[in-house]
Amino acid sequence: MIKARSIGLGIAAIVAVSASIADAATAERLTAGTLRDGTPVEAVVLRGDKGVSARILTYGATLQSLVAPGRDGLTADVVLGFDDVRSYEEKQTFLGATIGRYANRIAKGRFTLGGQSYQLPLNNGANTLHGGGQGFDRSVWSISSVKSGAQASVTMTLLSPDGASGYPGEVTASVTYSLDDAGSLTISFTAATTKPTILNLTNHALFNMAGEGSAEGAMMNRLTMPASGYTPVDDTLIPTGEIRPVAGTVFDFTKARVLADGLRDGHDAQIRIGRGYDHNFAIDRGLTIAPKMMARLEDPSSGRVMEVLSTEPGLQLYTGNFLDGTLLGKHGHVYRMGDGIALEPQKFPDAPNQPHFVSARVDPGKPYRHVMVLRLSVAK
C-alpha cells in the first residue's frame, strides 16, 4: 500500500494517479517467429481499457488481430488473417498488411512523372496491384518506438531504395498504430522521398464485425458510406475515369444497407465485373487535413460497430470476392467469398494516369501523410 505521507501526496492525488495507471493503455513487444530464411519477426500487442486490443507484426507492418467486445461483453477478433508468420509469407493475400508503394491498381503498370515514363511489375493480369508483388507488405519493418500510456503505440519504419519495383526515389516510410482507451485504433502513415514519386499507403485488413470465421460470414454486416459517387471500372478493374452517381444503384450506401442486398445483384454490370464489390467510392468531403467519417460497419447481432475515418479522398470496398475456400486462416477457418470486407482509405486507383483524380505525386521536402482511424464501439 502507498502511504500519502511517505511520498508527499494527498489522498486525492493518490486516487488520481491510481486512476491514470488503471486507465493507461499498454503496449507489449513479443517475438512472433521467423521467415523461411530465418529472419526474425516481432509483434506488438496494444491493449486498451474497453476490451479492445490489436496485434501488429513487423512483417508487412501487418494488423494481425483486432479484438473488440460485443453487446453481451464477449470479445471477438474482427480481422481475417493467419495464426503464424510463415502463412503471411507463403500466401500473399495482403490480409491486414500495410500496402505500398501504391495501393490498388495502376493500368498496365505504367505511369509518367516529370516527362519520364516508368514501368512497374505486372502482378494482376495486365496491371500492377498493391505495389507490384514485392511491396511494403513483403518487407520486415523496423520497430522504432513502443509506448504505453494514454495511447499505447508502436511505430515501424522502412527504407525503400530508389528504383524498388520500378518506382523512382528512395522512400523512408513510417507507420504508427495507436490505441486509446476509448477503443480507437489510429493508423498514421508518413513517407519522404529523395525524388518525385507516387505514393498511396493504406491498410488492407478484411473485417467481419461478427468475428472472423463466423459461420454466416460478413455479408450480413450493415454498411454506411457518405459517398454520392463511385468510380466504375473496365473488365480489368481499372477505373474508366467516370465518377458515377450511386443514387438508385446497388452502390448506394448513403443509408445503412446489408452488404448481401447488392452483392449478388447480377443486373448491374459492375457487380458482374468485380464478382461483387471491388470498387472505389469518392467520399463526399474529398482530401482533408483531419480524419473524416468514411464508413460505418455494424454487425446487428453482436452490436459491434466500427467507424472508419481518414484524410484520403477515396475508399475501396472489397467483399473478399476471390476467397475461394482454399485459404486456411485463423483457428483452421476456411475463408470463402464474403467472409471479410476491406474498407481501404486511399487515393483513387490509377490516379497517376487520370489527371482529374486527386494527385498521388509526392516531392522531396513535401512528405506524404495519411491518417486513418478505426473507431470501435457497441450499439445498444
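The values are calculated or read from the model by the stated rules, or taken from the named source; none is laboratory data. All values derive from a computational prediction rather than experimental measurement. No Cβ is skipped: glycine too gets one built from the backbone with ideal geometry, and neighbour counts run over all protein chains shown.
Residues in the range 75-121 that are free of Cβ contacts under 8 Å to residues at least 60 places away in the same chain, in contact with a Gly (Cβ under 8 Å, 6 or more places away or on another chain) and assigned to a strand (DSSP E or B): 3 in all. So Asp162 passes all but one of these: (1) surrounded by fewer than 18 Cβ atoms within 10 Å (Cβ to Cβ); (2) touching a residue at least 40 places away in the same chain (Cβ under 8 Å); (3) not in a strand (DSSP E or B). Which condition number does it fail? Exception for Asp162: condition (2). Considered as a group, the residues in the range 312-363 that are within 27 Å of Glu90 (Cβ to Cβ) and among the acidic types (Asp, Glu) include one that is surrounded by the most Cβ atoms within 10 Å (Cβ to Cβ), and that residue is Glu344. The residue that is nearest to Gln116 (Cα to Cα), among those in the range 316-367 that are polar (S, T, N, Q) and not in a loop (DSSP other than H, G, I, E, B), is Asn353. Consider the range 111-139 and keep the residues that are in contact with a helix residue (DSSP H, G or I) (Cβ under 8 Å, 6 or more places away or on another chain) and at positive phi. The one that is surrounded by the fewest Cβ atoms within 10 Å (Cβ to Cβ) is Gly133.
The conditions of being modelled with pLDDT of 95 or more, of a type in the set (A, V, I, L, M) and either closer than 20 Å to Leu129 by Cβ or more than 22 Å from the chain's Cα centre (by Cα) (or both) are met by Leu317. For the range 95-110, residues that are surrounded by 24 or more Cβ atoms within 10 Å (Cβ to Cβ) and either of a type in the set (Phe, Trp, Tyr) or more than 18 Å from Pro345 (Cα to Cα) (or both) total 1.
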